[in-house]
Amino acid sequence: MKLEFENVTKNFNGRNGDRPMVVLDGISFGVRESEFFCIVGPSGCGKSTIINLAAGFFRPDQGRVAVNGKEISSPSASRTVVFQEYALFPWKTVFGNIEFGLKCSGIPEEERRQIVYDLAKKVDLEKFLNHYPAELSGGMKQRVAIARSLAVKPEIILMDEPFASLDQQTRDVMQEELLGFMKEFSQTIIFVTHNIEEAIFLGDRVLVLGKRPAHAKALVEVPFSKPRLPQLRNEPVFLALRRDIGGLLRKEAS
Amino acid sequence: MTKNKDVINPWVPILLLLFVWQVCSWAGFLNSQFLPSPLALMSEIVDSFANQHLLGDIFASLKRVLIGFTIAAATGVSLGIFAGTNQVARSFISPLAEIFRPIPPIAWIPIAILWFGLGDKPAFFLVFLGAFFPIFTNSMLGALSLEETHRRAAYSLGADKKHFLADILLPASLPHIFAGMKIGLGVSWMAVITAELVGSQSGLGYMIQFNRFLLNTPKVVVGMVVIGAIGFLLNRLMARVEAALVPWKDFKGANHI
Ligand SMILES: Nc1ncnc2c1ncn2[C@@H]1O[C@H](COP(=O)(O)OP(=O)(O)O)[C@@H](O)[C@H]1O
Ligand SMILES: [Mg+2]
């Protein structure tokens, strides 16, 4: 397994002396090498907490989070994160944002420039390298964030609802683009979303989480090969799968 | 796109004030013994440059501001950023800053002269005191304003302490740092004049005091006008430096990306 959660428990201290809130309660799952692993669940169920644990932003209260069998102790450029709210550095241009991780890993300037140009071309932003994030649309910002997370050649990319703030059309396009340029890279991806269609369209497998404290309701193998075409979204098997997962989550809600 | 962009050229109100002032003098509403007219002042200014080494006084004041302000900026920014990132340092320094901040530079004059004698040194000290607190406080707020996701993004891209400070924390704090430096520079300029009124043999404050004893009111007003004009220019200069160093500031909501 590339990344493993073993009986992971995470509590947050409640406000004004409430009892601690259990967000993850002994959750276990494993992500395979080069897999596109989706996690779908209602908002507030603990999805971001899973991403934060995998990134190493904080440690589990119990259990183990491990990459290649080694327990995670701190953030590292081998696990980059794409955030819902983009988290681009407003004081850096598109170029500077994509370049930052390369700078941190001590890559010489000339080489950095080449890598940034190549990536910017892939995500169709080569004309915007000198722009500041505030000048870009939501979709463009997220493409910068994806390019930034790819630049350092991480083993794992953690995506926390990256397309949730985009409108429907942009979201569909971004999903298709993401599958497109992920073909060229062999990263393992953990992609968190509350959107069932998105999870099925992108994922090799989908972990379905119930309400807080997050617990696995199902682990679904997605039966479609890649590359996937946009019209897949309307195929009966796709729609049936979507309905099944929707049913699982709805049963939970009532 | 900026909210505080001038809709009127700043020279328009200034020239209008000078014009109304001149007209009032011509019309005899203003006693030239108490307030000389702008045109009369013009020739007084020329005279001061020619015969009263006004330029020397200007440079004496500017030098004191430059030195005191630079020391205040260096210490204020470093300590402010440090306090903004370190909870213990913050709880330790903040109460001290809050006790010293309300004491105006003028109240420090007797002590400053006692400690540093006459001349440049007490002026450096007063300028430093005036500039330090706004710069310190705003730099601390700047460091505190760094968003958690930016911190996380930086570390997950492999940042070490050095890159985090230079590429993330400092630029994120810069808009606040500049807010502090603009206030600090204004206070510096006022503080240097205050210092020179009492403990100095040169500078614009000294020039005003000197002419006051000679009952030369027009020259006193010349001093005031020059102080105002230079304060105005210093502020503009700072805004230029800020525009060059904080180019992303002009975009709406740029701090929430
Ligand atoms: N740092 C924190 N401190 C306290 N509570 C938190 C913290 N982070 C998240 N929570 C709470 O934990 C629960 C799960 O949060 P999160 O993982 O962000 O959910 P999701 O991403 O699925 O919407 C939420 O109820 C949230 O309020
Ligand atoms: Mg979330």
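Looking at chain A, the DSSP beta bridges with both ends there are about 50 percent antiparallel.
Between helix A:138-151 and chain A, what is the angle of the helix's C-alpha long axis to the longest principal axis, kept within 0 to 90° and rounded to the nearest 10? Computed tilt is about 80 degrees.
For chain B, the number of Lys pairs separated by eight or more positions or lying on different chains, with C-alpha atoms closer than 26 Å, is 14. Share of carbon and sulfur in the accessible area of the range B:55-245 stands at 74%, probe radius 1.4 Å.
Taken along the Cα-to-beta-carbon direction at a fixed 7 Å, the label points for B:Val7 and B:Gln22 span 2.8 nm. With only Cα atoms counted, the range B:6-114 has Rg and Dmax values of 22.3, 64 Å. Heavy atoms of chains A and B lose about 2300 Å² of accessible surface on contact, summed over both sides with a 1.4 Å probe.
Using only Cα atoms, what is the ratio of the radius of gyration of the range A:145-254 to 2.2 N^0.38 Å?
On the way: Rg = 14.3 Å, N = 110, 2.2 N^0.38 = 13.1 Å.
For the range A:145-254, the normalised Cα radius of gyration is 1.09.
Using a 1.4 Å probe, what is the accessible area per residue for the range B:55-245, in Å²? Can you show the working numbers first?
On the way: 8920 Å² over 191 residues.
Here the per-residue accessible area is 47 Å².
Under a no-solvent Debye model with one identical scatterer per Cα of the range B:6-69, what's log10 I(q)/I(0) at q = 0.28 Å⁻¹? Scattering profile of the range B:6-69, log10 relative to I(0): -1.01.
Its alpha carbons give chain A an Rg and a Dmax of 18.4, 58 Å.
Can you list, largest first and rounded to whole Å, the semi-axes you get for the range A:1-143 by taking the square root of 5 times each eigenvalue of its Cα gyration tensor? Let's see the in-between values first.
Details: eigenvalues 222, 71, 40 Å².
Gyration-tensor ellipsoid for the range A:1-143: 33, 19, 14 Å.
Global dimensions of the range A:203-251 from alpha-carbon coordinates: Rg and Dmax equal 12.1, 36 Å. Among beta bridges identified by DSSP and lying wholly in the protein assembly as shown, the antiparallel ones come to about 50 percent. Over all pairs of different C-alpha atoms, the range B:55-245 has a mean inverse distance whose reciprocal, the Kirkwood radius, equals 17.8 Å.
Helix by helix, which DSSP H runs in chain B go 18 Å or more along their axis at the Cα atoms and have an average Kyte-Doolittle hydropathy of -1.0 or more?
Working: long enough: B:11-26 (22 Å, 1.81); B:38-51 (19 Å, 0.78); B:54-85 (45 Å, 1.41); B:87-100 (20 Å, 0.82); B:120-144 (35 Å, 1.26); B:170-199 (41 Å, 1.22); B:217-245 (42 Å, 1.37).
For chain B, where a helix must reach 18 Å along its axis and average at least -1.0, the hits are B:11-26, B:38-51, B:54-85, B:87-100, B:120-144, B:170-199, B:217-245.
For B:Trp189, the accessible surface of its heavy atoms amounts to roughly 10 Å² (probe 1.4 Å, protein chains only, rounded to the nearest 10).
Shown in residue order for the range A:29-35 are the 3J(HN,Hα) couplings computed by the Karplus curve 6.51 cos²θ - 1.76 cosθ + 1.60 at θ = phi - 60°: 6, x, 10, 7, 3, 6, 8 Hz (x for Gly and Pro).
Could you state the orientation-averaged shadow area of the convex hull built on the Cα atoms of the protein assembly as shown, in nm² to one decimal?
Working: hull surface 128.5 nm².
Across all orientations, the protein assembly as shown yields a mean hull projection of 32.1 nm².
Near the amide H of A:Met159, within less than 5 Å, lie the amide hydrogens of A:Val82, A:Ile190, A:Phe191, A:Val192, all on another chain or at least 5 residues away, with H placed in the peptide plane.
The values are calculated or read from the model by the stated rules, or taken from the named source; none is laboratory data. Quick caveat: nothing in here was measured; it's all calculated off a predicted structure. So basically every Cβ, Gly included, is an ideal-geometry build from the backbone, and we count neighbours across all protein chains shown. Quick note on the areas: whole protein, heavy atoms, side chains included, nothing else; ligands and nucleic acids left out. Shrake-Rupley method; radii C 1.70, N 1.55, O 1.52, S 1.80 Å.
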